[in-house]
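Remarks on the structure that follows.
The values are calculated or read from the model by the stated rules, or taken from the named source; none is laboratory data. Just so you know, these numbers come straight off a predicted model, no measurement behind them. Cβ atoms come from the backbone with ideal geometry, glycine included; neighbour counts cover every protein chain shown.
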Ligand SMILES: CC(C)(COP(=O)(O)OP(=O)(O)OC[C@H]1O[C@@H](n2cnc3c(N)ncnc32)[C@H](O)[C@@H]1OP(=O)(O)O)[C@@H](O)C(=O)NCCC(=O)NCCS
């Protein structure tokens, strides 16, 4: 006896995603604090940019944000674990974003992201992120309380 039901037709292929279905591109978190170009002098033996150079730019950006929030000198006391997820190449523009996440009595945690804008393009990718802790210090290098209120203006204070 033959089966009277129609043969099952194969499932249609999934529709190609429309532009409106595509997830929005990832966006940096925080305020753009440092923007600089990766130079040949910043490379390792592979020709890629040193991780330490990127870390240094992040530390400087965190220091700028920290001085602004603490209204005076700050020092880096800790960096949480970080992973370099993309390389940085010569000619890329490194953009470092900062966001003060938490403020203690004398210390603050600052979330810092490094993004590479690829050479001669508008394409940017996140390279790494980390949470840095900075401590506000007085003229003798001792911890000092961070003002409760965020300043309205950017001070011109030195950073050690
Ligand atoms: C930063 C420094 C002044 C702190 O001195 P300290 O006597 O350890 O100070 P305290 O123990 O009072 O801690 C100060 C703050 O740091 C925090 N802290 C201390 N150790 C920490 C650590 N390992 N991770 C995160 N935060 C830490 C404390 O919780 C405290 O925060 P709070 O006041 O908001 O609660 C001192 O450690 C120092 O000079 N370190 C060298 C910094 C430096 O030179 N950085 C550049 C390296 S090249």
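Remarks
- Search result, residues across segment 71-107 that are in contact (Cβ under 8 Å) with a residue 60 or more places away in the chain, out of contact with any helix residue (DSSP H, G or I) (no Cβ under 6 Å at 6 or more places or on another chain) and within 11 Å of the ligand (Cβ to nearest atom): 73, 75
- Here is the figure for segment 108-127: residues that are near the ligand (Cβ under 9 Å from one of its atoms) and touching a residue at least 60 places away in the same chain (Cβ under 8 Å) total 0.
- Listed conditions (1) surrounded by 20 or more Cβ atoms within 10 Å (Cβ to Cβ); (2) within 16 Å of the ligand (Cβ to nearest atom); (3) over 30 Å from residue 138 (Cβ atoms) are all met by residue 53, apart from (1).
- Identity of the residue in segment 136-154, in contact with a strand residue (DSSP E or B) (Cβ under 9 Å, 6 or more places away or on another chain) and at pLDDT below 95, that ends up nearest to the ligand (Cβ to nearest atom): 148
- Just one of (1) surrounded by fewer than 19 Cβ atoms within 10 Å (Cβ to Cβ); (2) in a loop (DSSP other than H, G, I, E, B) fails for residue 125. It is (2).
- Checked across segment 128-135, the condition of being assigned to a loop (DSSP other than H, G, I, E, B), within 16 Å of the ligand (Cβ to nearest atom) and at pLDDT 95 or above holds for no residue.
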